Amino acid sequence: MKKARIILTMIALSAILVGTMSFRAQRRGLTNLFYRTTGDFFQNGASRNLTYAAEAPYRTFRTDIWEMPVNVVTPLYTGTTQSTTTIGGAFYFITVVTGSPWPTWLGIYDDNGQ
């Protein structure tokens, strides 16, 4: 019974620590970046060309103190939102970018396949 309490306490403390770190990362703007792209979507025999958000291989934070920012020519965004549209008379959910582009002077870092 004592071991179970210790294990449950460690799990609870880990969950609190992870939640706190996630909140801090979100507050500081540490996030992955997204870009706008277009594609053809098909549903119920109808098609439509839509602009949507795709995850870019870049982020707003460094994972190593020696990591240098990269130069990216396409605009990258941190904010996305879910939106709906109709294709062929049925609702279709799509993720779109929101807000202004991430300023390059704040630093854009390569994701390095992480």
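A few points about this structure:
- With every protein chain in place, the chain: carbon and sulfur % of accessible area (1.4 Å): 59 percent
- Relative contact order %, the stretch 44-94, counting alpha carbon pairs below 8 Å whose residues are six or more apart: 47 percent
- Scalar couplings 3J(HN,Hα) for the stretch 68-78, obtained by applying the Karplus form with A = 6.51, B = -1.76, C = 1.60 to θ = phi - 60°, are 9, x, 10, 9, 10, 8, 8, x, 10, 10, 9 Hz; x denotes Gly and Pro.
- Projected onto its three principal axes, the C-alpha set of the chain covers 62, 41, 24 Å, listed from the longest axis down.
- Solvent-accessible surface of the chain, taken per residue with a 1.4 Å probe and all protein chains present: 74 Å².
- With at most 15 neighbouring Cβ atoms within 10 Å, loop trypsin sites (Lys or Arg not before Pro) (DSSP) excluded, longest segment of the chain: 63-114
- The chain: relative contact order in percent, alpha carbon pairs under 8 Å with at least 6 residues between: 26 percent
- Helix axis angle, 2-27 relative to the chain longest principal axis, alpha carbon, degrees: 40 degrees
- Two-site label geometry, residue 43 and residue 9: point separation in nm, points 7 Å out along Cα→Cβ: 5.1 nm
The values are calculated or read from the model by the stated rules, or taken from the named source; none is laboratory data. Keep in mind the model is a prediction, meaning the values are calculated, not measured. In this analysis, Cβ positions are derived from the backbone assuming ideal geometry, glycine residues included, and neighbour counts consider all displayed protein chains. These area figures cover heavy atoms from the full protein model, side chains too; ligands, DNA and RNA do not enter into them. Shrake-Rupley method; radii C 1.70, N 1.55, O 1.52, S 1.80 Å.
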